[in-house]
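Since every read-out is calculated from the coordinates, none of them should be taken as a lab result. Every value quoted in this text rests on a predicted model; they were computed, and no experiment measured them. Cβ placement follows ideal geometry from the backbone for every residue including glycine, while neighbour counts extend to all protein chains displayed.
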Amino acid sequence: MAIGNFSLLAAAARRMVVDVMTMALTRLEGKVAVITGGASGIGESTARLFSKHGAKVVIADVQDDLAESVCRDLSPSSTSFVHCDVTKEEDVENVVQTATNKYGKLDIMFNNAGIAGMVKPNILDNDKIEFEQVIRVNLVGAFLGIKHAARVMIPVGKGLVRNTAVELGQHGIRVNCVSPYIVSTPLVKEFFKLDDDKLHGVYSNLKGGVLKAEDIAKAALYLGSDESKYVSGHNLLVDGGFTIVNAGFCMFEQA
């Protein structure tokens, strides 16, 4: 009898472990997310993690081959790609509408697309056209994402908009931002002309740790899940304390 009871308890314990593991891997079950710049770097890592946790993911990017490759790696039934230049309003409107037409709603808008521009430390060497392109992608692109995501989110009274500071709380829409330190993505490595090892060596800010794209994806996962249901207007710093370190402290280290 004792053995029988033990077996029942053990079986129940195993079911509990399985249930907990299942819950841990489905934090976005039933949610629909659009990720701009989702073909590489932080966007790709986020698309993979969101899909792993049960979300329907629409990748919006101009890198068609890379985006289609990511979709092939993930489940075709839960991941799709729409060509989207975030500087063009019709493209952004189209990807949002495509997501809602295909999946019936939009829960998460991750305005992740961004470019670094040319490396020109001297302002006299900078070109107006290049400067405007950075603004169009990094700022206007996020604005257009907010505008068209809000258009479909407001009627249903829920949703999330990433990397913006617009308050849509009166409509039940949470707005948060993820601010990472330097992450070794293809874009960053091209900008600094450094490989992974050199980039980590020069820009490592927290001893014993290396910031990866997956870490930013996990931050977005938290903000996109119901675990953060009352978190809004928050700028989540994932920078190893960089923003609170006074550069002058380095003088004491060198003394």
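Couple of notes before you dig in:
- Segment 98-157: translational diffusion in µm²/s, Stokes-Einstein, Kirkwood Rh over Cα pairs, 37 °C, 0.692 mPa s: 241 µm²/s
- When the charge dipole of segment 29-241 is built from unit charges on Cβ atoms (+1 for Lys and Arg, -1 for Asp and Glu) and taken about the Cα centre, the candidate among 156, 142, 209 whose Cα reaches farthest toward its positive end is 156.
- Violating pairs (Cα-Cα greater than 24 angstrom) within the set 88/212; 88/229; 52/189; 56/218: 88/212; 88/229; 52/189
- Length gained on full extension, residue 128 to residue 69, computed as 0.36 nm times the residue gap minus the Cα-Cα distance: 17.8 nm.
- Volume in Å³ per residue [convex hull over Cα atoms, computed for segment 29-241]: 131 Å³
- Length-normalised contact order for segment 29-241 - Cα pairs under 8 Å, 6+ apart - percent: 20 percent
- Value of Rg/Rh across segment 95-201 [Cα atoms, Kirkwood radius]: 1.08
- Ranking 92, 40, 175 by Cα position along the charge dipole of segment 29-241, where only Lys, Arg, Asp and Glu carry charges on their C-beta atoms, puts 175 farthest toward the positive end.
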